[in-house]
Amino acid sequence: MKITDFLDKFEKISSTDNFEKKFVRGIDKTCKFCSKTSNETTFNNVPHVIPELFGKNNFTNNEECDNCNTLFGRFETDLANYVSPYLTLIGQRTKSKVPIFQSRKGENQRSTRIKNINGNPHFNFGSNLSDFEYDYQNNQLNVTLKKKKFVPINVYKGLVKVGLSLCTTEELENYNKTIDWLSQREDDLENTIFDIPLLLLRTRFSKKYYAKPAAILYKRKHSISGNIYRPNLCLVVYSGILVFQIFIPFCDETENINPKEYKFEYDLFPAFVFDVDFPKDQEKIELDISDMSIVKYDMNWRAQVEEDELIGFKYDSIISN
Ligand SMILES: [Zn+2]
């Protein structure tokens, strides 16, 4: 896989930059998801294009009614459980303050708590000493984060919603089936056949940091050819030190293709290039992306899962008490 592969095949069509402080009260509105107008429904909530659990932001819109806002807001608990430990560690502000991370705990156990004070993580690990490991020689602290339980498919749906919010009304016409899928109750989805795998690609920066979250929507440049299928839309979300990438399922164009006959291809968004110190005076660099910390998840899972993640911190000093 080359760095340029993704940008050869996809182009940017929308981003959160287009939605800065867009929400206005008292004007005629039409909901882009259910097509209802101000005469038929209410538009009192301030809909965020990217939920504030990814970080405080003012990317809002005028095209989401209160009903749809509540309906699609139901994925936010799972999304928050999935991303919150990182936000605490790096001190990302959500609505008003940096969230306090509390680990998943067993019976008669206390959670490990991580609180961010003035940009520095403070750990209170109570009796869970095994979650922490000091590597004195390398000045490194290794922490096992026991995240709260989350439902992978809801995390995926929450991200798909971000993608649809970035779509123009015209582009959204190709995604009615996707809107139906987001609207359906989770237990009605037993027999859903997906046109693409529900892949979530995640990169973690070690140097770069996005205090304000951002989301960018990419569209495939070329039409489908041969028996290879690349999804039409790809969403990339930045938050703090994390970059998420997903593809939007159920584009109309897949109605007539048989997923079994097509080979699904995905290209990795080259976020990791921002994390590399480019040697000066050098036009080309060779990167071995197998060294990068990129993880690929299959999110097609409707039950709660537990996930532990090992994160290593380099530190200058640790104060313990
Ligand atoms: Zn609506």
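No lab work stands behind these numbers, since they all come straight from the coordinates. What you see is a predicted model, and the numbers here were worked out from it, not measured in a lab. Every residue, glycine as well, gets a Cβ built from its backbone with ideal geometry; the counts of neighbours run over all protein chains shown.
Rounded, prolate or oblate: which fits segment 81-151 when a ≥ b ≥ c are the square roots of the eigenvalues of the alpha-carbon gyration tensor, with rounded for a/c under 1.5 and prolate only if a/b beats b/c? Taking the square roots of the gyration eigenvalues as a ≥ b ≥ c, segment 81-151 is oblate.
Between Thr77 and Asn300, the C-beta separation translates, for a Förster distance of 22 Å, into a calculated FRET efficiency of about 0.70. Summarising the amide proton neighbourhood of Thr30: residues at separation of 5 or more, or on other chains, whose placed amide H is nearer than 5 Å comprise an empty set.
Just list whichever of Lys149/Lys263; Lys32/Lys260; Lys12/Lys208 have alpha carbons separated by over 23 Å in the model shown. Table pairs above 23 Å Cα-Cα are Lys149/Lys263; Lys32/Lys260. The string of couplings for segment 99-115 from the Karplus curve (6.51, -1.76, 1.60, θ = phi - 60°) is x, 8, 8, 10, 6, 5, 10, x, 5, 6, 10, 9, 5, 7, 10, 10, 10 Hz, one whole number per residue in order, with x for Gly and Pro. Label sites at Thr168 and Leu7, each approximated as a point 7 angstrom past Cα along Cα to Cβ, lie 2.3 nm apart.
If R0 is 22 Å, the Cβ-Cβ spacing of Phe132 and Ile100 corresponds to a FRET efficiency of close to 0.80. Taking label positions 7 Å along the Cα-Cβ direction at both Asp17 and Tyr209, the computed distance is 2.3 nm, reported to one decimal. In segment 108-233, Cα pairs under 8 Å separated by at least six residues give a relative contact order of 13 percent. Dipole magnitude for segment 1-129: about 600 debye, using +1 per Lys or Arg Cβ and -1 per Asp or Glu Cβ, origin at the Cα centre. Normalised by the number of residues in segment 1-109, the average gap of Cα pairs under 8 Å and 6 or more apart makes the relative contact order 24 percent. The stretch between Ser38 and Arg110, if pulled fully straight at 0.36 nm per residue, gains 21.1 nm over its current Cα-Cα span. Between Gln140 and Asn191, the C-beta separation translates, for a Förster distance of 35 Å, into a calculated FRET efficiency of about 0.15. Applied to segment 125-138, the Karplus parametrisation 6.51 cos²θ - 1.76 cosθ + 1.60 on θ = phi - 60° returns per-residue 3J(HN,Hα) values of 9, x, 9, 8, 4, 5, 6, 10, 9, 8, 10, 4, 4, 9 Hz, with x for Gly and Pro.
Can you give me the relative contact order of segment 195-241 as a percent, contacts being Cα pairs under 8 Å and 6 or more apart? Contact order relative to length: 49 percent. 3J(HN,Hα) couplings calculated from phi for segment 221-238 with the Karplus curve 6.51 cos²θ - 1.76 cosθ + 1.60 (θ = phi - 60°) are, in sequence order, 7, 10, 7, 5, 9, x, 10, 9, 10, 9, x, 5, 10, 10, 10, 10, 10, 9 Hz; Gly and Pro show x.
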